[in-house]
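Participant: Got a structure for you, written out below as structure tokens; questions coming shortly.
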Amino acid sequence: MKTSRFSEFYKLTAAERLQEVAAFAGFGEDEKRLFFEPGALRVDTADHMIENAVGTFQLPLGIALNFLINGKDHLIPMAIEEPSVVAAASNAAKMARAGGGFFASNTGSVMIGQIQITGVGDPHAARMRVFENKKELMALCDAADPVLAELGGGVKDVEARVLDTIAGKMLIVHLLVDTKDAMGANAVNTMAEAVAPALEKLSGGRVRLRILSNLAIHRLARARAIFKKETFGGADVAEGILAAYAFACADPFRAATHNKGIMNGIVPIVTATGNDSRAIEAGAHSYAARFGQYAPLTAWESTGDGDLTGTIELPMAVGIVGGATKTHPAAQAAIKLLDVHNAPALAEVIASVGLAQNFAALRALAAEGIQKGHMALHARSVAFAADAKVGGH
């Protein structure tokens with residue numbers, strides 16, 4: 001049986017680690033080279049991905065171990081420059097295994113397309129006209145992307161609301177689009193463009209913006225885990241973790257750093273799989289502030305016997321088809337390593353890693369302090385930069 005647990009993995013050379021990862025993932029020689037040799041992203045490919053390309057830029061790619069998610073072992077590819085993140089995630093995942101690992105779920109792959117209509121003389125009545133013509137509007141949307149509709153995706157509902165702004169009342173229409181295994185920005189934006197003329201006719205106003213929202217409240221990923229007290233240091237550490245969480249709930253200055261620690265786990269996987277880290281960051285932080293005060297994306301509770309339960313919920317608009325997930329060869333290899341076969345499954349893995357990273361940070365803060373492990377690993381980077389041997393003579 002495949003397992004994400006390895007004994008003294010950190011003691012292996014980079015080449016030896018890659019051999020272990022390749023055996024786990026079933027990589028061939030070409031796929032191994034994508035991770036190990038420079039130039040996985042060719043400049044001619046990069047030139048087709050962005051404008052004014054002059055080359056490529058590499059980040060370290062590490063593997064987080066020990067992740068058991070919904071009963072399945074995963075190795076986690078993480079593209080990141082910050083020391084201690086990969087080790088912290090691996091250690092937290094190892095602790096979570098004693099409580100059964102991570103239990104994750106999702107709400108599907110529905111994205112929101114926003115259409116802004118200004119200059120509407122009767123905005124509340126116009127809102128009702130949108131609802132009265134919902135079927136026709138949905139048909140226009142699906143006609144703009146018939147392939148997505150044939151795959152079972154496409155527009156699933158149309159919402160409308162009257163919004164008071166400093167520029168007057170506006171009618172805002174939302175298209176709820178199931179983008180299936182794509183992140184979906186292109187599909188949603190295409191539908192919003194396609195339906196705009198009909199909305200102008202219905203409302204009597206002028207359509208302005210037609211764009212996807214990154215606050216993907218219908219595309220949430222959730223995870224929970226139980227951390228047994230004997231794995232993390234006992235009652236005093238548990239009390240410290242709960243106090244740190246209470247601090248973050250009450251103070252947005254603390255919550256910002258609390259959530260940054262979560263994103264330390266999330267962004268490296270998003271990057272490694274070729275997904276849009278800016279969209280994920282925007283969605284996560286806006287979701288954290290949805291009730292009017294910026295708050296933690298995780299919650300921590302005592303089980304009553306000294307163990308801790310952690311939960312996380314946040315928007316997770318990631319895909320496994322389209323964009324850089326298909327054009328970047330190393331991103332394709334990362335998705336193969338994760339062994340996820342649809343976008344919601346990838347979202348569940350990412351949420352689980354975010355929860356693990358948060359636990360690792362809170363435990364460090366509540367116990368020895370965040371700098372002990374972080375600075376020990378940071379010293380290796382400094383020594384290397386100075387062309388010195390760590391612990392040398």
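The values are calculated or read from the model by the stated rules, or taken from the named source; none is laboratory data. Computed from a prediction, not measured in an experiment: that's the story for all the values here. Note: ideal-geometry Cβ built from the backbone for every residue, glycine included; neighbour counts use all protein chains shown.
Participant: Does D251 satisfy being among the acidic types (D, E) and crowded, with 17+ Cβ neighbours inside 10 Å? Don't jump to the end; show me each part of the working.
Facilitator: Values: among the acidic types (D, E): yes; crowded, with 17+ Cβ neighbours inside 10 Å: no.
So D251 fails the test.
Participant: Looking at segment 88-115, which of the residues that are more than 17 Å from the chain's Cα centre (by Cα) and part of a loop (DSSP other than H, G, I, E, B) is farthest from N189 (Cα to Cα)?
Facilitator: A98
Participant: Quick one: which residue in G306, G292, G233 is surrounded by fewer than 17 Cβ atoms within 10 Å (Cβ to Cβ), without any contact (Cβ under 8 Å) to a residue 40 or more places away in the chain and at positive phi? I'd like the intermediate steps shown before the answer.
Facilitator: Details: G306 fails: without any contact (Cβ under 8 Å) to a residue 40 or more places away in the chain; G233 fails: without any contact (Cβ under 8 Å) to a residue 40 or more places away in the chain.
Every option except G292 fails the conditions.
Participant: Does G283 satisfy the criteria of being farther than 22 Å from V86 by Cβ and assigned to a loop (DSSP other than H, G, I, E, B)? If you could, list the steps in order and put the result at the bottom.
Facilitator: Details: farther than 22 Å from V86 by Cβ: yes; assigned to a loop (DSSP other than H, G, I, E, B): no.
Taking the combined requirement at face value, the residue does not satisfy it.
Participant: Among the residues of segment 167-209, how many are outside any helix (DSSP H, G or I), crowded, with 24+ Cβ neighbours inside 10 Å and hydrophobic (A, V, I, L, M, F, W, C)? Steps first, please.
Facilitator: Taking segment 167-209 and keeping what is outside any helix (DSSP H, G or I), we get 167-184, 204-209.
Those still in the list that are crowded, with 24+ Cβ neighbours inside 10 Å too: 171, 173, 175, 177, 179, 182-184.
Now narrow it down to the ones that are hydrophobic (A, V, I, L, M, F, W, C): 171, 173, 175, 177, 182-183.
Looking only at that region, the number is 6.
Participant: Looking at A92, A96 in this structure, which one is crowded, with 19+ Cβ neighbours inside 10 Å, under 25 Å from A272 (Cβ atoms), touching a helix residue (DSSP H, G or I) at 6+ places or on another chain (Cβ under 6 Å) and not acidic (D, E)?
Facilitator: A92
Participant: Let me ask another. Test K94 against the criterion of being among the basic types (K, R), in contact with a strand residue (DSSP E or B) (Cβ under 6 Å, 6 or more places away or on another chain), touching a residue at least 12 places away in the same chain (Cβ under 8 Å) and not assigned by TED's automatic domain parsing to the domain that holds A225, and give yes or no.
Facilitator: Details: among the basic types (K, R): yes; in contact with a strand residue (DSSP E or B) (Cβ under 6 Å, 6 or more places away or on another chain): yes; touching a residue at least 12 places away in the same chain (Cβ under 8 Å): yes; not assigned by TED's automatic domain parsing to the domain that holds A225: no.
Spelling it out, it is not the case that K94 is among the basic types (K, R), in contact with a strand residue (DSSP E or B) (Cβ under 6 Å, 6 or more places away or on another chain), touching a residue at least 12 places away in the same chain (Cβ under 8 Å) and not assigned by TED's automatic domain parsing to the domain that holds A225.
Residue-by-condition table, conditions (1) part of a helix (DSSP H, G or I); (2) under 21 Å from V340 (Cα atoms); (3) charged (D, E, K, R):
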position: A22; (1), (2), (3): yes, yes, no
position: D47; (1), (2), (3): yes, no, yes
position: G62; (1), (2), (3): no, yes, no
position: P77; (1), (2), (3): no, yes, no
position: V86; (1), (2), (3): yes, yes, no
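Participant: I'm checking my understanding of the structure. Among residues of segment 1-18 that are surrounded by 15 or more Cβ atoms within 10 Å (Cβ to Cβ) and of a type outside the set (D, E, K, R), which one is nearest to the chain's Cα centre (by Cα)? Working first, answer last.
Facilitator: To start, the set of residues in segment 1-18 that are surrounded by 15 or more Cβ atoms within 10 Å (Cβ to Cβ) comprises 4, 6, 9, 17-18.
Narrowing the set further to residues that are of a type outside the set (D, E, K, R) leaves 4, 6, 9, 18.
Working: S4: 21, F6: 25, F9: 26, L18: 25 Å.
Ranking the candidates gives S4 first.
Participant: Let me ask something additional. Would you confirm whether any residue within segment 273-281 is touching a helix residue (DSSP H, G or I) at 6+ places or on another chain (Cβ under 6 Å) and surrounded by fewer than 23 Cβ atoms within 10 Å (Cβ to Cβ)?
Facilitator: Residues of segment 273-281 touching a helix residue (DSSP H, G or I) at 6+ places or on another chain (Cβ under 6 Å): 273-274, 277, 280.
Keeping just the survivors that are surrounded by fewer than 23 Cβ atoms within 10 Å (Cβ to Cβ) gives 277.
Checking segment 273-281: at least one residue is touching a helix residue (DSSP H, G or I) at 6+ places or on another chain (Cβ under 6 Å) and surrounded by fewer than 23 Cβ atoms within 10 Å (Cβ to Cβ).
Participant: A further question on this structure: Looking at (1) touching a Pro at 6+ places or on another chain (Cβ under 7 Å); (2) surrounded by fewer than 17 Cβ atoms within 10 Å (Cβ to Cβ), which is the one condition that is false for E51?
Facilitator: Result: E51 passes all but (1).
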